[in-house]
1. Considering only residues that are open to solvent by 30 Å² or more (accessible area, probe 1.4 Å) and charged (D, E, K, R), look in region 73-111 and name the one that is modelled with the lowest pLDDT.
2. Condition test on Leu33, is it open to solvent by less than 30 Å² (accessible area, probe 1.4 Å), assigned to a strand (DSSP E or B), without any contact (Cβ under 8 Å) to a residue 60 or more places away in the chain and aliphatic (A, V, I, L, M)?
3. Among the candidates Val81, Val73, single out the residue that is over 22 Å from Ala117 (Cβ atoms), of a type in the set (Val, Ile, Thr) and touching a helix residue (DSSP H, G or I) at 6+ places or on another chain (Cβ under 7 Å).
4. So Ala47 passes all but one of these: (1) under 21 Å from Ser111 (Cα atoms); (2) hydrophobic (A, V, I, L, M, F, W, C); (3) open to solvent by 30 Å² or more (accessible area, probe 1.4 Å). Which condition number does it fail?
5. Mind listing just one residue for me: the one in region 6-17 that is more than 11 Å from the chain's Cα centre (by Cα) and within 21 Å of Glu89 (Cα to Cα) and, of those, most open to solvent (accessible area, probe 1.4 Å)?
6. Tell me, yes or no, whether region 51-63 has at least one residue that is open to solvent by 60 Å² or more (accessible area, probe 1.4 Å), modelled with pLDDT of 95 or more and more than 17 Å from Leu118 (Cβ to Cβ).
Amino acid sequence: GALRGTFALVIDDDEAARAGMCGLLETWGCVTLTGASSSDAIAQLPAHDRSPELIVCDYWLTNENGLDAIERVRAAIGERVPALLVTAETSRSVLLSAPGAGIPLLHKPVSPLKLRALLAQLLSQPDSEIRIAA
């Protein structure tokens, strides 16, 4: 499939949620790296011989929100890595902030089918954020 061999970074401060997301990504052939926060994830990057090609991030993290976390990781890597947010949140402010940043948002519990389709789309269209924002 489209995701086989993809190096995906999962950021979630909930250990069970993180493990669940990684398990799902690994069944599709992804290689995963996990962090509880952006700083946790960034600290682990030097141990790997390549940069993440995808970021899946929870919206509410302990000391930051997912949009900020994604920006920090992208800045550390030096690339606008395709990213998506997952959240159990339903407030309008959150739901509106993500598309405004060009980052798709999926609701928890995340549908594996939707997640897989979205990740494949992100990987196949690196410039999709421009298309989404238009």
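1. Checked region 73-111; the qualifying residue modelled with the lowest pLDDT is Arg92.
2. Taking the combined requirement at face value, the residue satisfies it.
3. Checking each option against the conditions leaves just Val73.
4. Answer for Ala47: the failing condition is (1).
5. Glu15
6. Filtering region 51-63 down to residues open to solvent by 60 Å² or more (accessible area, probe 1.4 Å) leaves 53, 60, 62-63.
Still in the running and modelled with pLDDT of 95 or more: 53.
From the residues that got through so far, the ones that are more than 17 Å from Leu118 (Cβ to Cβ) too are none.
No - not one qualifying residue is present in region 51-63.
The values are calculated or read from the model by the stated rules, or taken from the named source; none is laboratory data. All values reported here derive from a predicted model rather than from experimental measurement. Ideal geometry is used to build each Cβ from the backbone, glycine not excepted, and the neighbour counts take in all protein chains shown. Areas reflect the complete protein model, heavy atoms only, side chains present, ligands, DNA and RNA absent. Shrake-Rupley method; radii C 1.70, N 1.55, O 1.52, S 1.80 Å.
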